[in-house]
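Enquirer: Please see the structure below; I have some questions.
The values are calculated or read from the model by the stated rules, or taken from the named source; none is laboratory data. A quick note: this is a predicted structure, and the numbers were derived from the prediction, not measured. All Cβ positions, even for glycine, are placed from backbone atoms using ideal geometry, and neighbour counts span all protein chains on display. The accessibility values were calculated without ligands, DNA or RNA, using every heavy atom of the protein model including side chains. Shrake-Rupley method; radii C 1.70, N 1.55, O 1.52, S 1.80 Å.
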Amino acid sequence: MSQRNKRPARLVGLTGLVASALVLSACGAGGRDDGDGDGDGGDAGGGASDVGVTEDSVTVGGHFPLTGVAAPGYNEIPTGAQAYFDYVNAQGGIHGRQIEYVVKDDGYNPTNTSKVTNELVLQDEIFAMVGGLGTPTHSAVIDFLNAEGVPDLFVSSGSLAWGDDPATNPMTFGWQPDYESEGKIIGQYVAENMPDAKVGLFLQDDDLGEDAEKGVRQFLDKQIVAVERYTSGNTDVGPQIAGLQGAKADLVLSFNTPSYTALAQLVAMKLGYDPKWYVANIGADPALVSSLLASFSEGAVDGAGALDGVMTSEYIPGVDQPEDPWVELWQKVWDAHGKKGELTNYRIYGMSHAYAFVQALQAAGEDLTREGLIEVLEENGPDMVGPQLAPFRFSADNHMGISGMRLVELKGTESTPLTPVLTTDLGDAEIVEDTSEQAEDAPPASGIPE
């Protein structure tokens, strides 16, 4: 059996959770001027080649919901990234530089995201933003980061905004597969394998839901009998689930965050509504949904097996595959450098984008500059080896992240593949089986990109 077939893994995927519906414009203006008129900030001193870089360190930052309603699960992402950076630093860093990682809590509030991002850029003088989380939150700072010339890498969200328009946002790159592509892949699967299904859509009422619906409708427009949307922050989803039930939808395609997976499942149980479900990758972590379901029901539902039979997607290996070579590496890293708690899918997510950043640092060389880092990603992105099951799409014209995924069905914390790894892109790009053999690549023995 090939390595690809040995890797049915529970994947981690992200968008924001439900703390705020406000999306405020980023504060801050154009790039800093060092007096030479080029606005690039000049030499950071001490042998540095750019802002945030010294002879022996490179400083990067990230904004995450460390507290508040979005914190469960998502606050573990930077702990995974920190553990991997510590692992790299313990082996001498990259080109002799230690990676200093500054994480700030935005509480999943766009106003706070603007505040902490200004601090990271103007006070902490980060070289790059790495993995900033959330669609409404990161939307509040993308303009500011690009105006300041800060590499804005591997945003923790599948919104098209991060990679579909490099001309407008040349410093920003996505990381995980986008929601439109996920919608296309599940849409095609249902059209081919469940042509008689009455399809209902349960969507977050922002770019997440809009992008996913765009992809789904390419294949299922005539099968859709109901579309229900919820607003982040409003935890009463009873009317939406009742609407799906009333329309007699026997297959619900649900594009939402983990809290709303749990809320939707709880309401469906109360209503006696039992359709087949597809839950987007970002909302289908069995352990977290189980915990949330038990919490929301005040113990009336233990949550175990709540996602049994649910379809979802995966694009990196997770904790349900302990013998996968990448998971073995992440376990080794966590055992050596994790602060507390166990290795989780969210920590694996953080380690995975940290690995991609380290790989880019290696390729950028000793004379590290922001411009040079962007060039490396655009020129070498599709050839970057990592835990992702399909290649990145990075180029000068495309800053979208991982190009594909496979569909799986959940049972407990395990997953059974329904498809091979499928790749696609936006619009009418064809969906094809991945032939890159990306999923067969193992990490280097050192655990550090070569």
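Enquirer: Considering lysine pairs in the chain that are 8 or more places apart or on different chains, how many have Cα atoms under 18 Å apart?
Expert: Going through the chain pair by pair, I get 16.
Enquirer: Then there's this: Rolling a 1.4 angstrom probe over the protein heavy atoms, how many square angstrom per residue are accessible across the chain?
Expert: 36 Å²
Enquirer: Please give me the summed charge of the neighbours of GLY163: other residues whose Cβ is under 9 Å from its Cβ, Lys and Arg +1, Asp and Glu -1.
Expert: My count for the surroundings of GLY163 gives -2.
Enquirer: Let me make sure I get this right: for the range 100-139, a, b and c are the square roots of the gyration tensor eigenvalues over alpha carbons, sorted descending. Under 1.5 in a/c it's rounded, otherwise prolate if a/b > b/c, else oblate. Which is it?
Expert: Because a/c hits 1.5 or more and a/b exceeds b/c, the range 100-139 counts as prolate.
Enquirer: Still on this structure: Please list GLU228, GLU323, GLU125 from largest to smallest accessible area, probe radius 1.4 Å, with all protein chains kept in place.
Expert: So, going from the largest accessible area down, we get GLU323, GLU125, GLU228.
Enquirer: Same structure again: Find me the longest stretch of the chain that has none of the exposed trypsin sites (Lys or Arg not before Pro), where exposed means in a DSSP loop (not H, G, I, E or B) with at most 12 other Cβ atoms within 10 Å.
Expert: With trypsin sites (Lys or Arg not before Pro) excluded where exposed in loops, the chain gives 1-247 as its longest stretch.
Enquirer: Of (i) 1.25; (ii) 0.94; (iii) 1.10, which one was derived for Cα Rg over 2.2 N^0.38 Å from the structure shown?
Expert: Recomputing Cα Rg over 2.2 N^0.38 Å here gives the entry labelled (ii).
Enquirer: Obtain the nm distance between the two label points defined at ASN380 and ASP367 by a simple spin-label model: each point lies 7 Å from its Cα along the Cα-to-C-beta direction.
Expert: 1.6 nm
Enquirer: Moving on. For the chain, what does the relative contact order come out to in percent, with C-alpha contacts under 8 Å and a separation of six or more?
Expert: 20 percent
Enquirer: What is the percent carbon and sulfur in the accessible area of the range 220-363, measuring with a 1.4 Å probe over the protein chains and ignoring ligands?
Expert: Answer for the range 220-363: carbon and sulfur cover 48 percent of the accessible area.
Enquirer: Taking springs between alpha-carbon atoms closer than 10 angstrom, which of GLY401, GLY427, GLY80 fluctuates most in the Gaussian network model of the chain?
Expert: For the chain, modelled as a Gaussian network with Cα springs under 10 Å, the answer is GLY427.
Enquirer: Grab the DSSP H runs of the chain that are 4 residues or longer, score each as -39,500 (n - 2.57), total them, divide by all residues and round the 222 nm result to the nearest 500 deg cm²/dmol.
Expert: -10000 deg cm²/dmol
Enquirer: Springs between alpha-carbon atoms under 10 Å, Gaussian network over the chain: tell me which of SER181, SER403, SER436 tops the mean-square fluctuations.
Expert: SER436
Enquirer: Can I ask one more? Please tell me the relative contact order of the range 308-388 in percent, rounded to the nearest whole number, where contacts are Cα pairs under 8 Å and at least six residues apart.
Expert: Relative contact order for the range 308-388 comes out at 31 percent.
Enquirer: Sort the range 347-438 into rounded, prolate or oblate with this rule: let a ≥ b ≥ c be the square roots of the eigenvalues of the Cα gyration tensor; rounded if a/c is under 1.5, and if a/c is not under 1.5, prolate when a/b is larger than b/c, oblate otherwise.
Expert: It comes out oblate by the Cα gyration axes.
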